[in-house]
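Quick notes on the structure that follows.
The values are calculated or read from the model by the stated rules, or taken from the named source; none is laboratory data. None of the values given here were measured: they were computed from a predicted structure. In this analysis, Cβ positions are derived from the backbone assuming ideal geometry, glycine residues included, and neighbour counts consider all displayed protein chains. Each accessible area value is taken on the protein alone, full model and side chains, heavy atoms only, with ligands, DNA and RNA left out. Shrake-Rupley method; radii C 1.70, N 1.55, O 1.52, S 1.80 Å.
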Amino acid sequence: MNGKILVFGADGLVGSRFTDLYHKETPTITPKFEELDITNKKAVELYFETYKDEFHSVINFAAYTDVDAAEKEKGNEKGVVYLVNAVGAQNLAEATKAFDKYLIHISTDFIFSGTEGYPGPYPEDAKLTDNPEDVTWYGWTKLVGEKRVRQVNKNASIVRISYPYRAQFAGKLDYARKILSLYDEGKLYPMFSDQKITPTFIDEAAKVFYLLLEEKKSGIYHVASCDLTTPFSFAGYILEKARGAKGALKEGSMKEFLKVPGRPPRPRLGGLANEKTAKELGMTLMTWREAVDQFVSQLKEGPV
Ligand SMILES: NC(=O)c1ccc[n+]([C@@H]2O[C@H](COP(=O)([O-])OP(=O)(O)OC[C@H]3O[C@@H](n4cnc5c(N)ncnc54)[C@H](OP(=O)(O)O)[C@@H]3O)[C@@H](O)[C@H]2O)c1
């Protein structure tokens, strides 16, 4: 691929794995948050004007990702969560449109409710809600961001991911490494057996970002395990493979957990279906067990 890619949020959990894995094939420009705040429309425009000849595409990993903290801003369109996830996404869509650049914008399965009335796994073209009460505030702000990207720049793709994890990252724990960390500390709580999820192995997502950049495809793509699991099964398999601990896990119910007032909302029957993504990109997405096997071998041998 000729030319560079401008990457926002390149220091985060997902973005940094993409730049680690593909920096040789795709040289990147990675402005830090302090250097360029995507919520600042004027600064974004100026940055694009200044560096427009140095990159052909943009990937936006920048987001406000703390779901529980985001909930405290519910309904606040002046708050940081909305500004980063909705307005920031719009700013990048407008700048990429104005400067004729291809955009990949990262999103989440939390844009879907995961309720019994509208359960997942959701295909790429699943109906989207227009009611913020159906989803978390994080989910709603990400959904607004997606919609604005799609309205503004047709030369863009949205890639939704779900419970992303990787074998190594100093910045924060992810879904899989948190399970291991809590287990090692003897603090692992019961895991839900009545929640449906499709976790995303970040290495596989990075491959999809790369394929999309090569072909500059537009549309909506889902990168997650091709089959559903539950936190109970997922955690049990990780502990067995990574720690040799069989049957070490207590089973919990999300339905019961969510009955207690004040508990942070989460989609219960979620998950991303990805047949269209696999077909369009000519690839097979891994089952959750295949992905965990790769994750565990990287834990043992070090990431590739
Ligand atoms: N993590 C998950 O569980 C999850 C699940 C599904 C989808 N996703 C999506 O995947 C994408 C990447 O998530 P992640 O977990 O890698 O995020 P992350 O680790 O929280 O990293 C986010 C990055 O965005 C930067 N950033 C935040 N606000 C910014 C702003 N106003 N301007 C410029 N940069 C800003 C952060 O900079 P600083 O480090 O300097 O703050 C950080 O580098 C996001 O779109 C997220 O919604 C994540």
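Structure summary
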quantity	calculated
Cβ-Cβ under 7 Å pairs, at least 6 apart or on other chains, the range 27-39 side closer than 16 Å to ALA95 by Cα, far side open to solvent by 40 Å² or more (accessible area, probe 1.4 Å) and within 8 Å of the ligand (Cβ to nearest atom)	THR39/LEU83
Residue in the range 38-55 that is under 24 Å from GLU215 (Cβ atoms), surrounded by 21 or more Cβ atoms within 10 Å (Cβ to Cβ) and within 13 Å of the ligand (Cβ to nearest atom) present	no
Elements of type helices (runs of 4 or more DSSP H) in the range 172-258, at least 1 residues being of a type in the set (Phe, Trp, Tyr) and open to solvent by less than 10 Å² (accessible area, probe 1.4 Å)	202-215, 231-243
ILE161, sole failed condition from (1) within 13 Å of the ligand (Cβ to nearest atom); (2) open to solvent by less than 60 Å² (accessible area, probe 1.4 Å); (3) over 25 Å from ALA126 (Cβ atoms); (4) aliphatic (A, V, I, L, M)	(3)
The range 90-122, residues that are hydrophobic (A, V, I, L, M, F, W, C), touching a strand residue (DSSP E or B) at 6+ places or on another chain (Cβ under 6 Å) and part of a helix (DSSP H, G or I)	LEU92
Residues of the range 233-269 that turn out to be touching a residue at least 60 places away in the same chain (Cβ under 8 Å), of a type in the set (D, E, K, R) and either touching a Gly at 6+ places or on another chain (Cβ under 8 Å) or within 19 Å of LEU182 (Cα to Cα) (or both), as a count	5
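Condition check ((1) open to solvent by 60 Å² or more (accessible area, probe 1.4 Å); (2) near the ligand (Cβ under 10 Å from one of its atoms)) across all residues:
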{"site": "ALA63", "(1), (2)": "no, yes"}
{"site": "ASP68", "(1), (2)": "yes, no"}
{"site": "GLU73", "(1), (2)": "no, no"}
{"site": "VAL80", "(1), (2)": "yes, yes"}
{"site": "ALA86", "(1), (2)": "no, no"}
{"site": "ALA89", "(1), (2)": "no, yes"}
{"site": "ALA93", "(1), (2)": "no, no"}
